[in-house]
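Notes to accompany the following structure.
The values are calculated or read from the model by the stated rules, or taken from the named source; none is laboratory data. Model, not experiment: these values are computed from the prediction. Note: ideal-geometry Cβ built from the backbone for every residue, glycine included; neighbour counts use all protein chains shown.
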Amino acid sequence: MACWDMRFQLPISSHTHPARARIRRLLMHPLSMHTMYQSWVIAAVQGNNEVSMWDMETGDRRFTLWASNAPPLSEMQPSPHSVHGIYCSPADGNPILLTAGSDMKIR
């Protein structure tokens, strides 16, 4: 993932998934208007139905949702399934995240 300053067309930061997995979808965190979450993004990652929340300022992966039979965060045993669709609603300060993937499940 790369973060750019669009005013000056300059790259600010670049972050790579620990397993170098492909990012399939990317959303701003639904609470990005709050100071704590203003630099957070939600990324649907190739394999293991992984959805991660990243802080683009620090490059840290803050949370990971993992819908796979593989051991959590195991990068050596990827599942072939991935999240292809993702929707996030702020819902009065209590975000709701819906995903749909290649395993034909909505979560």
Residues of region 58-70 satisfying the condition of being free of Cβ contacts under 8 Å to residues at least 24 places away in the same chain and farther than 17 Å from Pro95 by Cα | Thr58, Asp60, Trp66, Ser68, Asn69, Ala70
Search result, residues across region 1-15 that are assigned to a loop (DSSP other than H, G, I, E, B), surrounded by fewer than 11 Cβ atoms within 10 Å (Cβ to Cβ) and either under 12 Å from the mean Cα position of the chain (by Cα) or charged (D, E, K, R) (or both) | Arg7
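For residues in region 87-107 being out of contact with any Gly (no Cβ under 9 Å at 6 or more places or on another chain) and within 13 Å of Ala43 (Cβ to Cβ), which is surrounded by the fewest Cβ atoms within 10 Å (Cβ to Cβ)?
Per the stated criteria, the residue is Leu97.
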Pick from region 32-84 the residues that are part of a loop (DSSP other than H, G, I, E, B) and of a type in the set (A, V, I, L, M, F, W, C): which of them is farthest from Lys105 (Cα to Cα)?
-> Met33
Among residues of region 21-31 being assigned to a loop (DSSP other than H, G, I, E, B) and in contact with a Gly (Cβ under 8 Å, 6 or more places away or on another chain), the residue modelled with the lowest pLDDT is Leu31
Inside region 17-45, can you point out the residues that are surrounded by fewer than 11 Cβ atoms within 10 Å (Cβ to Cβ) and closer than 26 Å to Ser74 by Cβ?
-> Pro18, Arg20
Of those in region 46-69 that are among the β-branched types (Val, Ile, Thr) and surrounded by fewer than 17 Cβ atoms within 10 Å (Cβ to Cβ), the residue farthest from the chain's Cα centre (by Cα) is Thr58
If you take the residues of region 29-43 that are in contact with a strand residue (DSSP E or B) (Cβ under 6 Å, 6 or more places away or on another chain) and not aromatic (Phe, Trp, Tyr), which of them is farthest from His81 (Cα to Cα)?
-> Ser39
Kindly indicate whether His29 is out of contact with any Leu (no Cβ under 8 Å at 6 or more places or on another chain) and under 19 Å from Ala91 (Cα atoms).
-> yes
